[in-house]
Amino acid sequence: MLAVIAVAVGLVLAERAYRVFEVQFAGAILRIITTSGVFVAGERETVYFGLSGDTPLGLRMTPECSSAFMLLPLLLVTAAMLYFRPRNAKRLFTSLAISAVVVILVNQMRILAIFGLVNWLGVDEGYYWGHTLLGSMVSVLGGAIALVLFVWLSTRKPRAERRAA
């Protein structure tokens with residue numbers, strides 16, 4: 001339990017480094033799906049794309065756009081559940097790992113949505129729809145799905161008990 005709390009505290013203290021990881025990850029994905037030029041400025045937590053076109057754009061990963069703070073509730077719920085049910089540690093850690101991956105990938109999907117809409121609708125409209133509307137919806141729904149998935153995975157009965165019933 002204390003280790004999970006320590007990870008949560010560490011995530012808060014190192015959230016800038018985590019944001020650098022997120023933009024590096026986004027840059028790696030964008031390099032795979034586009035030939036229009038991608039540059040990651042880790043020290044600025046920014047990924048630039050569309051560099052060979054007329055309307056390049058840089059997305060800066062701010063604290064409120066990072067998945068770091070979406071991971072904190074999962075970590076804190078895991079710590080609380082470990083306190084009350086330490087014998088379920090393996091299931092809780094598995095549930096946490098799966099849900100954390102979902103949260104991280106959802107945030108990457110948000111960046112990809114912005115990228116796609118900027119390419120389709122242009123910088124002004126694409127950024128507005130991709131970041132403000134669709135991006136926020138993706139984050140909220142993805143976070144909710146990750147939390148429901150975590151609770152479902154961590155509280156369901158073991159396979160042997162389900163078969164016996």
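Restricting to region 119-136, count the residues that are farther than 17 Å from L30 by Cα and not small (G, A, S). Going through region 119-136 one residue at a time, the tally reaches 8. Just give me the residues in region 33-70 being more than 20 Å from V102 (Cα to Cα), open to solvent by 30 Å² or more (accessible area, probe 1.4 Å) and either charged (D, E, K, R) or part of a helix (DSSP H, G or I) (or both), in sequence order. Scanning region 33-70 gives I33, E43, R44, D54, R60. Got at least one residue in region 72-79 being free of Cβ contacts under 8 Å to residues at least 24 places away in the same chain, touching a Phe, Trp or Tyr at 6+ places or on another chain (Cβ under 8 Å) and of a type in the set (A, V, I, L, M, F, W, C)? The answer is no, given that none of the residues of region 72-79 is free of Cβ contacts under 8 Å to residues at least 24 places away in the same chain, touching a Phe, Trp or Tyr at 6+ places or on another chain (Cβ under 8 Å) and of a type in the set (A, V, I, L, M, F, W, C). Residues of region 108-147 that are farther than 25 Å from I98 by Cβ, among the small types (G, A, S) and touching a Leu at 6+ places or on another chain (Cβ under 7 Å): G126, G130. Looking across L117, L134, L121, L92, one residue alone is farther than 29 Å from I33 by Cβ, among the hydrophobic types (A, V, I, L, M, F, W, C) and open to solvent by less than 70 Å² (accessible area, probe 1.4 Å). It is L92.
The values are calculated or read from the model by the stated rules, or taken from the named source; none is laboratory data. Note that the structure is a prediction, hence the values are computed from the model and not measured. Using ideal geometry, Cβ is built from the backbone for each residue, glycine included, and neighbour counts are taken over all protein chains shown. Just the protein is used for accessible areas: all its heavy atoms, side chains included, with ligands, DNA and RNA removed. Shrake-Rupley method; radii C 1.70, N 1.55, O 1.52, S 1.80 Å.
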